[in-house]
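Chemist: Just dropping this structure here.
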Amino acid sequence: MKKYTYTEEKDTRSGFGEGLLELGKTNPNVVALCADLTGSLKMDAFAKEFPSRFIQVGIAEANMIGIAAGMTIGGKIPFAGSFANFVTGRVYDQIRQVVAYSNKNVKICASHAGITLGEDGATHQILEDIGLMKMLPNMTVINTCDFNQTKAATIAIASHKGPVYLRFGRPKVPNFTPKDQKFEIGKAIILNEGKDVTIFATGHLVWKAVEAGLILEQKGIDAEIINIHTIKPLDVSAVIQSAKKTKCVVTAEEHMRNGGLGDSIAQLLSMNFPVPVEMLAVDDKFGESGKPEELMVKYGLDTTNIVEAAQKVIARKQS
């Protein structure tokens, strides 16, 4: 098992903020819009440095999406930011009609996704956003795992033509991916090559998968661990090749089981190379208030759950 280490924990929303600021310095067409959450999304540095390229829309997400779509007609590259719940669920019709249907070059940037939003509770902890976004034609869906990857993804999507949904979070998590990484949309990252089971993880669950891999190694299980940072387009080749090698799969995500990464992978494999699949995700429930780590344990999204799922799916394969 390849060893990964980190020297600090950082929130992924700060990676977005730094990436946006860097874009502002290098690309004059990049503009930013926010729905009254500038500090929470770490967009304040961009707003201070480039006040003429920043629009504080207020608590009016639908208007924000409409303004952003209009700005693309003039060649601007708008980054529209808010909490994931408000910038998807509250404003889905506008995204569908004026962004996805029209294939507008809008970057929808969503912080505070999943249950790791913590104490704010179920009304803010959206667990359906990936499903909502991936079902839209023309939409690219990205869910990054740490600060460095979020910064790199933020910079990369400015060069991508078409709508993007970039999902990140509030809590501080291990920052373990390379600082100088090149982010490739739709290209999975193999963190560890293995032969017994494949673990496909996304977002905050990637580090949990790395931890699980070390525990599995101690149990004599060689896990292949793959970081799926792009939910759509899915890296079809990487998924199928790994499944053919290990012949059993675990998926791990901080999202509802319905409509998430596991859904996409199971659908792909059922049509191309059927193998046993175990999915770690929230099972048709809303979140609740609590400390992020405690919620991850309660909803079955911690390291131990990944280890147990890997053992279970291997047993299914062997039977």
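Please treat every number below as a calculation from the coordinates, not as lab data. Since the structure is predicted, the reported quantities are computational estimates derived from the model, not experimental observations. Virtual Cβ from ideal backbone geometry, glycine too; neighbours counted across all protein chains shown.
Okay, residues lined up against (1) surrounded by fewer than 16 Cβ atoms within 10 Å (Cβ to Cβ); (2) on the phi > 0 side of the Ramachandran plot; (3) under 19 Å from the mean Cα position of the chain (by Cα):
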| position | (1), (2), (3) |
| --- | --- |
| Leu214 | no, no, no |
| Ile228 | no, no, yes |
| Lys247 | no, yes, no |
| Val275 | no, no, no |
| Pro292 | no, no, yes |
| Lys298 | yes, no, no |
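Chemist: Can you tell me which residue is farthest from the chain's Cα centre (by Cα) among those in the stretch 36-65 that are buried (at least 19 other Cβ atoms within 10 Å of the Cβ) and over 15 Å from Leu20 (Cβ atoms)?
Modeler: Val57
Chemist: Under the condition of being touching a residue at least 40 places away in the same chain (Cβ under 8 Å) and of a type in the set (S, T, N, Q), which residue from the stretch 89-112 is surrounded by the most Cβ atoms within 10 Å (Cβ to Cβ)?
Modeler: Per the criteria, the residue is Ser111.
Chemist: Considering only residues of the stretch 254-273 that are farther than 14 Å from Pro233 by Cα and among the hydrophobic types (A, V, I, L, M, F, W, C), which is surrounded by the most Cβ atoms within 10 Å (Cβ to Cβ)?
Modeler: Per the stated criteria, the residue is Met256.
Chemist: I'd like to verify a number: residues in the stretch 90-121 that are under 19 Å from the mean Cα position of the chain (by Cα) and farther than 27 Å from Gly75 by Cα, how many?
Modeler: So the count comes out to 7.
Chemist: Sort out which residues of the stretch 265-289 are among the polar types (S, T, N, Q), in contact (Cβ under 8 Å) with a residue 24 or more places away in the chain and either more than 30 Å from Glu119 (Cα to Cα) or in contact with a Lys or Arg (Cβ under 6 Å, 6 or more places away or on another chain) (or both), and write them in order of number.
Modeler: Asn272 - this is the single residue of the stretch 265-289 that is among the polar types (S, T, N, Q), in contact (Cβ under 8 Å) with a residue 24 or more places away in the chain and either more than 30 Å from Glu119 (Cα to Cα) or in contact with a Lys or Arg (Cβ under 6 Å, 6 or more places away or on another chain) (or both).
Chemist: To continue, here is another question. Take the stretch 39-65 and flag every residue that is without any contact (Cβ under 8 Å) to a residue 40 or more places away in the chain and of a type in the set (Val, Ile, Thr).
Modeler: Ile55, Val57, Ile59
Chemist: Something else now. Looking at the structure I just gave you, is Glu217 in contact (Cβ under 8 Å) with a residue 24 or more places away in the chain, farther than 27 Å from Phe16 by Cα and either outside any helix (DSSP H, G or I) or among the charged types (D, E, K, R) (or both)?
Modeler: yes
Chemist: Right, here's the next one. Looking for something out of contact with any helix residue (DSSP H, G or I) (no Cβ under 6 Å at 6 or more places or on another chain), farther than 18 Å from Lys187 by Cα and of a type outside the set (Phe, Trp, Tyr) - is there at least one such residue anywhere in the stretch 145-163?
Modeler: no
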